[in-house]
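Quick notes on the structure that follows.
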Amino acid sequence: MLVMITGAGGMLGQDVCASARDAGHDVIALARAELDITDAQAVGAAVRSADPDAVVNCAAFTDVDGSERESDRAHAVNEAGAGNVARAAATAGAWTVHVSSDYVFDGLGTEPYVESDAPRPLSAYGASKLAGERAVAAGAPDRHTIVRSSWLFGAGGSCFPATILRLAAEREQLTVVDDQIGCPTFTGHLAPALVALATERRVAGLLHVTGAGRCSWYELARELVASAGLGCELRPGTTAELGRPAPRPPYSVLGTERDAPRLPAWREGLAQFMGARAPAR
Ligand SMILES: NC(=O)c1ccc[n+]([C@@H]2O[C@H](COP(=O)([O-])OP(=O)(O)OC[C@H]3O[C@@H](n4cnc5c(N)ncnc54)[C@H](OP(=O)(O)O)[C@@H]3O)[C@@H](O)[C@H]2O)c1
């Protein structure tokens with residue numbers, strides 16, 4: 001099949017391109033420089049001329065704190081841009097796979113959030129992602145899969161594990177938030193699931209897809225520091241101490257009540273992430 005990937009230069013986008021090629025598909029990879037998804041005309045023209053079987057939208061404004069200051073920009077990309085992609089894909093008869101976020105929930109619950117749970121974003125970023133889901137559903141009714149995932153990490157971008165490994169190598173002590181719980185998800189595991197949803201298993205509507213298992217950022221950092229053999233001392237901290245501009249959901253665990261793809265455990269993803277970073281001997 002011919003698969004078009006928008007936001008192809010991002011952390012997830014790079015792995016989706018690689019997974020689609022590995023699965024034997026032809027790929028049109030469009031990074032922001034090649035296609036700005038906020039430009040509806042350009043999106044329409046790109047999709048018309050390529051005539052893909054599926055479009056996977058990995059483009060987003062992902063700066064959670066920056067979205068508090070620049071909520072117009074967040075909505076332009078995450079809402080209007082997402083709608084542009086879905087509309088153009090549906091017009092061309094292509095299936096849309098769109099990526100959304102656990103931040104559409106307030107995280108005040110104590111049980112994993114499933115697809116039918118009512119969203120209530122706490123942050124401007126979460127609100128823009130929820131608005132994007134609605135724009136995709138309106139732009140490509142019955143021809144889309146919206147995949148909510150969480151706590152992404154991968155080789156092709158800046159992510160929590162990469163930051164922790166850098167800081168832990170520089171410092172003797174680090175305080176890491178222990179009161180946010182979530183499901184870390186390796187982009188190398190999520191990407192092939194998105195490609196399968198775009199090409200073979202076209203499950204319509206909303207799906208929750210994350211790495212199996214859950215932990216706090218502090219627990220994730222401990223695992224990282226131990227497996228890298230670093231001597232940095234880690235201390236558990238609170239979200240309030242950190243004082244970030246955007247509120248985060250405290251309990252950000254996604255579950256599924258649908259026939260969603262099941263991914264390997266986040267620890268397996270972390271091992272692969274670490275293996276890919278190990279210097280060649
Ligand atoms: N990271 C997470 O923890 C997480 C968790 C849950 C869901 N998600 C979702 O997963 C998806 C992929 O995120 P990611 O982690 O791979 O983020 P990322 O590395 O920031 O990738 C997003 C890409 O979108 C591009 N982009 C921004 N504005 C654009 C525009 N107007 N037109 C076209 N491309 C544009 C960015 O380009 P520039 O770099 O040039 O701006 C970047 O390459 C997003 O939908 C995100 O909301 C992420």
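The values are calculated or read from the model by the stated rules, or taken from the named source; none is laboratory data. Predicted model, so just to flag it, every value in this text is computed and none were measured. Cβ: placed from backbone, ideal geometry, glycine included. Neighbour counts: every protein chain shown. Please note that ligands, DNA and RNA were not included when accessible areas were found on the heavy atoms of the full protein model with its side chains. Shrake-Rupley method; radii C 1.70, N 1.55, O 1.52, S 1.80 Å.
Out of all the residues in the range 93-102, is one or more in contact (Cβ under 8 Å) with a residue 24 or more places away in the chain, among the β-branched types (Val, Ile, Thr) and farther than 25 Å from Ala45 by Cβ?
no
Of everything in the range 47-57, what is surrounded by fewer than 23 Cβ atoms within 10 Å (Cβ to Cβ) and either in contact with a Phe, Trp or Tyr (Cβ under 6 Å, 6 or more places away or on another chain) or part of a helix (DSSP H, G or I) (or both)? Give them in sequence order.
Within the range 47-57, the first condition is being surrounded by fewer than 23 Cβ atoms within 10 Å (Cβ to Cβ), and the residues that meet it are 48-51, 53.
Listed by number, the residues that qualify are Arg48, Ser49, Ala50.
Given the options Ala60, Ala33, Ala90, name the one that is among the aliphatic types (A, V, I, L, M), more than 9 Å from the ligand (Cβ to nearest atom) and open to solvent by 20 Å² or more (accessible area, probe 1.4 Å).
Working: Ala60 fails: more than 9 Å from the ligand (Cβ to nearest atom); Ala33 fails: more than 9 Å from the ligand (Cβ to nearest atom).
Selected residue: Ala90, the only one of Ala60, Ala33, Ala90 that is among the aliphatic types (A, V, I, L, M), more than 9 Å from the ligand (Cβ to nearest atom) and open to solvent by 20 Å² or more (accessible area, probe 1.4 Å).
Quick check, is Gly9 away from the ligand (no atom under 14 Å from the Cβ), more than 23 Å from Gly139 (Cα to Cα) and either part of a loop (DSSP other than H, G, I, E, B) or open to solvent by 10 Å² or more (accessible area, probe 1.4 Å) (or both)? If you could, list the steps in order and put the result at the bottom.
Numbers: away from the ligand (no atom under 14 Å from the Cβ): no; more than 23 Å from Gly139 (Cα to Cα): yes; either part of a loop (DSSP other than H, G, I, E, B) or open to solvent by 10 Å² or more (accessible area, probe 1.4 Å) (or both): yes.
So Gly9 does not fit the description; no.
Of everything in the range 93-116 that's within 26 Å of Gly243 (Cβ to Cβ) and of a type in the set (Gly, Ala, Ser), which residue is surrounded by the fewest Cβ atoms within 10 Å (Cβ to Cβ)?
Out of the qualifying residues, it is Gly109.
Just checking, how many residues over the range 226-237 are touching a residue at least 24 places away in the same chain (Cβ under 8 Å) and part of a loop (DSSP other than H, G, I, E, B)?
Step one: of the range 226-237, the residues touching a residue at least 24 places away in the same chain (Cβ under 8 Å) are 227-228, 230-237.
After this cut, where a residue has to be part of a loop (DSSP other than H, G, I, E, B) as well, the list is 230-232.
Qualifying residue count for the region: 3.
Within the range 184-211, work out how many residues are among the basic types (Lys, Arg) and within 14 Å of the ligand (Cβ to nearest atom).
Applying the first criterion (among the basic types (Lys, Arg)) to the range 184-211 yields 201-202.
Retained after the next criterion (residues that are within 14 Å of the ligand (Cβ to nearest atom)): none.
Looking only at that region, the number is 0.
Yes/no matrix, rows are residues, columns are (1) in contact with a strand residue (DSSP E or B) (Cβ under 8 Å, 6 or more places away or on another chain); (2) at pLDDT 95 or above; (3) not aliphatic (A, V, I, L, M):
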{"position": "Ala198", "(1), (2), (3)": "yes, yes, no"}
{"position": "Arg201", "(1), (2), (3)": "no, no, yes"}
{"position": "Leu207", "(1), (2), (3)": "yes, yes, no"}
{"position": "Gly211", "(1), (2), (3)": "yes, yes, yes"}
{"position": "Tyr218", "(1), (2), (3)": "yes, yes, yes"}
{"position": "Pro250", "(1), (2), (3)": "yes, yes, yes"}
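List the helices (runs of 4 or more DSSP H) inside the range 123-225, counting only whole elements, that have at least 1 residues being within 24 Å of Glu68 (Cβ to Cβ) and either open to solvent by 20 Å² or more (accessible area, probe 1.4 Å) or in contact with a helix residue (DSSP H, G or I) (Cβ under 6 Å, 6 or more places away or on another chain) (or both). I'd like the intermediate steps shown before the answer.
Values: elements: 124-139, 160-170, 187-199.
Passing ranges, in order: 124-139, 160-170.
Considering only the range 93-122, how many residues are within 12 Å of the ligand (Cβ to nearest atom) and among the hydroxyl-bearing types (Ser, Thr, Tyr)?
Adding up the residues that qualify gives 3.
Output the residues belonging to the range 226-259 that are farther than 25 Å from Pro112 by Cα and loosely packed, with under 13 Cβ neighbours inside 10 Å.
Matches in the range 226-259: Ala226, Gly229, Gly231, Glu233, Arg235, Glu241, Gly243, Pro245.
Scanning the range 248-268 for residues that are basic (Lys, Arg) and farther than 20 Å from Tyr218 by Cβ, which turns out farthest from the chain's Cα centre (by Cα)?
Kept after step one, since they are basic (Lys, Arg), are these residues of the range 248-268: 248, 258, 262, 267.
If we keep only those that are farther than 20 Å from Tyr218 by Cβ too, we end up with 258, 262.
On the way: Arg258: 19, Arg262: 16 Å.
The residue in question is Arg258.
Kindly list the number of the only condition in (1) modelled with pLDDT of 95 or more; (2) outside any loop (DSSP other than H, G, I, E, B); (3) of a type outside the set (A, V, I, L, M, F, W, C) that fails for Glu241.
All conditions are met except number (1).
crowded, with 16+ Cβ neighbours inside 10 Å, within 11 Å of the ligand (Cβ to nearest atom) and not in a helix (DSSP H, G or I): does that describe Ala74? First the steps, then the outcome.
Details: crowded, with 16+ Cβ neighbours inside 10 Å: yes; within 11 Å of the ligand (Cβ to nearest atom): yes; not in a helix (DSSP H, G or I): no.
When the stated conditions are applied, Ala74 does not pass them.
Take Leu2 and decide whether it is within 13 Å of the ligand (Cβ to nearest atom) and either hydroxyl-bearing (Ser, Thr, Tyr) or open to solvent by 10 Å² or more (accessible area, probe 1.4 Å) (or both).
On the way: within 13 Å of the ligand (Cβ to nearest atom): no; either hydroxyl-bearing (Ser, Thr, Tyr) or open to solvent by 10 Å² or more (accessible area, probe 1.4 Å) (or both): yes.
Against the criterion (within 13 Å of the ligand (Cβ to nearest atom) and either hydroxyl-bearing (Ser, Thr, Tyr) or open to solvent by 10 Å² or more (accessible area, probe 1.4 Å) (or both)), Leu2 does not qualify.
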